[in-house]
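The structure appears below as structure tokens.
The values are calculated or read from the model by the stated rules, or taken from the named source; none is laboratory data. Note that this is a predicted model, so its numbers are computed, not measured. Cβ coordinates were reconstructed from backbone atoms using ideal geometry, including for glycine residues, and neighbour counts include every protein chain displayed. For the accessible areas, the whole protein counts, side chains as well, though only heavy atoms, and no ligand, DNA or RNA atoms are used. Shrake-Rupley method; radii C 1.70, N 1.55, O 1.52, S 1.80 Å.
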Amino acid sequence: MCAAIYAARNGAQVTIIEKNSCLGKKLSMTGNGRCNMTNLDMREDCYNPSAEGRMKEWLSTYGVEDVISFFKSMGVVVKSEDGYIYPISGQAMSVVNALENEIKRLGISVNFGEQVKGVKCLEDGRVKLTTNKSEYETDSLILAMGALSGPKSTMSTGDGYYICKNIGMSIKETHPALVGFKVAEGEIMPSAGVRATAEISFVLGNEVLTSEYGELQLSPDGISGIPVMQASREVIRFVEEKKPVFAVIDFFPDYDESDFKALKADMLRLKDERSLEEFLQGFANSGITDMVLGRMKLGRKMKMKNISVSMAECILDTYRNVKIAIDSCYGYQASQVTTGGISLGDIGSDFSCKTAPGVYCIGELLDVDGRCGGYNLQFAWTSGSIAGCAASL
Ligand SMILES: Cc1cc2nc3c(=O)[nH]c(=O)nc-3n(C[C@H](O)[C@H](O)[C@H](O)COP(=O)(O)OP(=O)(O)OC[C@H]3O[C@@H](n4cnc5c(N)ncnc54)[C@H](O)[C@@H]3O)c2cc1C
């Protein structure tokens, strides 16, 4: 939509071919229905290492302020929540509607329910496009088919990969990312959903793959929440290769060692007639306490006076080091972005395909994935605007 608008504003005659029955289905679901459009803290290192070098240039061509102005030009006022940019309406649909109205205003045709099947570069420099309904010839073609992430209704079925492969582009192996993980069978977890602020590290052998801080969501069979989703981009490859990856959780991330020592000393004053359950009732969320005691195989009715000081300290210390074996992720449909995709080596600085003159590739179809927080949509706007302008020259 963004590419089409920029191309049409530059005077090109544009047609959008959309296999869904509406425009912007995924966009309408973003940011829990609020659409986190971009982020004021925009840095190239918020993207995958293979894209970082290219993102620096692309973001300097079309960055956060350009996105905000673009939407302002269509009447969408934005607000910042700690740097996370949302439409002030709080509704992702207002972003979708603004784009759709601009598309109508510019006279861009939209063919709904039509699926692109193949692309061929012709000798005269034009591009031939085959769909399930028709064939077209055009001066320029922008492929913006997304990737594999999101619910079925978004039509994210990875069509772009085989189409691009057939015109000589290479595809880097894909994985779901910004996704939660299922824990290994037998892991003791809370019996119902629990949210808690924590630091979570993912480890493989002695190596810490990555650490994140924030609100975790623990369920009987898995872990999710923003910190897990952020970490998933760096961990997923090892999980999918079935390597023994563990999550190590610290439920007292805001305490340094001496603060926690003082907290333990305070707690130990309560080592009397009371039960272990009573002792821990105000120390942490009860679901987390159930998980900790279950893992340590301790009965909640044990009397504190019968528990040694070192054992009581060990129980409290466990809240800082809960180690959970990871089994798998929740899959593409539960993920927000796909890692991997069309190799950036095949893409020019204006998103043109080096192997297919006249064809451009943008958005999530490419091997670019960003952190959670508006970074993936920023890349969609950046690549869409640059390619839209280039294709209309
Ligand atoms: C639940 C969820 C929440 C998210 N929240 C955020 C957020 O708040 N902020 C953020 O930055 N990112 C978010 N993302 C990620 C972001 O939505 C995507 O990175 C972005 O939408 C990618 O844009 P795109 O245009 O490349 O692809 P898409 O948005 O996937 O659009 C691709 C379009 O191509 C169409 N299509 C596919 N194949 C064909 C074909 N063969 N022929 C014709 N049409 C075809 C599809 O129907 C679709 O309309 C979220 C993702 C999900 C799933």
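For the chain, set up a Gaussian network in which alpha carbons nearer than 10 Å are linked by springs, and say which option among Lys297, Lys165, Lys26 fluctuates the most.
Maximum among the listed residues: Lys297.
Calculate, for Asn101 and Glu65, the FRET efficiency according to 1/(1 + (r/R0)^6) with r their C-beta to C-beta distance and R0 25 Å; round to the nearest 0.05. All intermediate terms of the calculation are to be shown ahead of the outcome.
Working: r = 23 Å, r/R0 = 0.90.
With R0 = 25 Å, the Cβ-Cβ based efficiency is 0.65.
Calculate the spin-label point distance for Val77 paired with Leu393, positioning each point 7 Å from the Cα along the beta-carbon direction, and give it in nanometres.
For Leu393 paired with Val77, the spin-label model returns 3.8 nm.
Identify all lysines with a Cα-Cα distance to Lys243 below 18 Å; exclude those on the same chain that are fewer than 8 residues away in sequence.
Lys182, Lys323
Grab the Cα-Cα distance for Asp317 and Asp256, subtract it from 0.36 nm times how many residues apart they are, and report the gain in nm with one decimal.
Gain on stretching Asp317 to Asp256: 20.7 nm.
What residues have an amide H closer than 5 Å to that of Ile16, excluding those fewer than 5 places away on the same chain, when H is modeled at 1.01 Å from N in the peptide plane?
Amide H neighbours of Ile16, under 5 Å, 5+ apart: Ser109, Val110, Asn111.
Mind giving me the nanometre distance, one decimal, between the label points for Arg195 and Gln91, set 7 Å out from Cα along Cα→Cβ?
Output for this residue pair reads 2.4 nm.
Which whole-number percentage describes the relative contact order of the chain, with Cα contacts under 8 Å and a sequence gap of 6 or more? Please report the intermediate quantities before stating the final value.
On the way: 794 pairs, mean separation 100.4, N = 393.
Contact order relative to length: 26 percent.
Keeping the other protein chains in place, figure out the carbon and sulfur percent of the accessible area of region 243-334, with a 1.4 Å probe.
Carbon-and-sulfur percentage of accessible area, whole number: 51.
Give me the number: length gained by fully extending Ser275 to Glu240, i.e. 0.36 nm times residue separation minus the C-alpha to C-alpha distance, one decimal in nm.
Going from the current span to full extension adds 8.3 nm.
All other residues with a Cβ under 10 Å from the Cβ of Gly341 taken together, and with Lys, Arg as +1 and Asp, Glu as -1, what is their net charge?
-3
Projecting each Cα onto the charge dipole of the chain (Lys/Arg +1, Asp/Glu -1 at the beta carbon, about the Cα centre), which of Ile249, Gly374, Thr154 comes out farthest on the positive side?
Thr154
Give Lys25/Lys104; Lys261/Lys303; Lys19/Lys79; Lys26/Lys172; Lys19/Lys120 a once-over and call out the pairs whose C-alpha atoms are over 28 Å from each other.
From Lys25/Lys104; Lys261/Lys303; Lys19/Lys79; Lys26/Lys172; Lys19/Lys120, over 28 Å: Lys19/Lys79.
For Ser109 and Asp45 in the same chain, what is the full-extension length gain: residue separation times 0.36 nm, less their Cα-Cα distance, in nm?
Contour length minus Cα-Cα distance gives 19.3 nm.
Given a 1.4 Å probe, how much area per residue of the chain is accessible, in Å²?
Ligands and nucleic acids excluded, the figure is 46 Å² per residue.
If you find the alpha carbon centre of region 1-29 and of region 317-354, how far apart are they in angstrom?
So the two Cα centres are separated by 26 Å.
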